[in-house]
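**Student:** Sharing a structure, written as structure tokens. Questions coming.
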Amino acid sequence: MNNNDFGLSHLWAQGDIVTRAVAILLLVMSLASWMVIIIKALDLRRYASQARRIESFWHAADFADGLGKLSTDPANPFRTLALEGREAAAHRNAQPQLHDSLGASEWLTRALRNSIDDSTARMQAGLAVLASVGSTAPFVGLFGTVWGIYHALLSISAAGQATIDKVAGPIGEALVMTALGLAVAIPAVLGYNALVRGNKSVLNRLNRFAHDLHAYFLTGARVSSGTDPKVVPMKKGS
């Protein structure tokens, strides 16, 4: 028996439209999950670099200088949070409106929370793809296996022979579909868990930054500035 009668190439050549569709679907799922993992991992790396600039922000001479130290990247969630806080503080004091029924603290808290919620939604975008791939890929592969075994048994029945050399090859190739499903699902699950942990770390930094910004816009000084003599309270410059 030729070695070319086994393997993925033989499985593809001998498979029908359902088998090939399952293989293509697994390939697409794998590519989609790896794209999400790589893109989100790069985003987390960028967020970690941006988070390290928070202390530089608080050491700035004024708010405008602090924004420059946070970087000019419009996708920077920390910069966006600071801008939303400044906008809320300025708008709250501009002219009487319906939201004046809220206290300054509540209004500022609402604006900062909305900004964090928007950043959370952006960071979690794409994670549903990983969750879906991780939960469905094994079953897609299992479906391909069942379908392949069914056709292998039909071929064996038609041939009228059930020797081990006739059975092992077709059924072994069908079982490869299960292995492919697991190979697609495992990286998706591991990537999902790693990205969720990374997002949680960034959100913790965002929440701490929002707490300090809340105190700054209400009192003019950071909450922890009193315990750090190196931190200079910024002027509320534009």
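The values are calculated or read from the model by the stated rules, or taken from the named source; none is laboratory data. Remember, predicted model here, so these are calculated numbers, not experimental data. Ideal geometry is used to build each Cβ from the backbone, glycine not excepted, and the neighbour counts take in all protein chains shown.
**Student:** Run SER238 past the list (1) at pLDDT below 65; (2) among the polar types (S, T, N, Q); (3) assigned to a helix (DSSP H, G or I) and report the number of the one that doesn't hold.
**Tutor:** (3)
**Student:** Would you confirm, using the coordinates I've provided, whether LEU11 is of a type in the set (A, V, I, L, M, F, W, C), surrounded by 14 or more Cβ atoms within 10 Å (Cβ to Cβ), modelled with pLDDT under 80 and assigned to a helix (DSSP H, G or I)?
**Tutor:** Taking the combined requirement at face value, the residue satisfies it.
**Student:** May I pose another question? Could you list all residues from the stretch 107-128 that are surrounded by fewer than 18 Cβ atoms within 10 Å (Cβ to Cβ) and among the aliphatic types (A, V, I, L, M)?
**Tutor:** Across the stretch 107-128, the qualifying residues are ALA121, ALA125, LEU127, ALA128.
**Student:** Collect the residues in the stretch 75-90 that are polar (S, T, N, Q) and crowded, with 21+ Cβ neighbours inside 10 Å, keeping them in residue-number order. So that I can check it myself, show each step before the final result.
**Tutor:** Let us first name the residues in the stretch 75-90 that are polar (S, T, N, Q), namely 76, 80.
Residue satisfying the conditions is ASN76 alone.
**Student:** Taking the condition assigned to a helix (DSSP H, G or I), at pLDDT 80 or above and more than 30 Å from GLU106 (Cα to Cα), does ARG45 pass?
**Tutor:** For ARG45, the condition - assigned to a helix (DSSP H, G or I), at pLDDT 80 or above and more than 30 Å from GLU106 (Cα to Cα) - is met.
**Student:** Got a sec? Which of MET35, MET1 is of a type in the set (A, V, I, L, M, F, W, C), outside any helix (DSSP H, G or I) and either modelled with pLDDT of 80 or more or loosely packed, with under 12 Cβ neighbours inside 10 Å (or both)?
**Tutor:** Result: MET1 is the single residue among MET35, MET1 that is of a type in the set (A, V, I, L, M, F, W, C), outside any helix (DSSP H, G or I) and either modelled with pLDDT of 80 or more or loosely packed, with under 12 Cβ neighbours inside 10 Å (or both).
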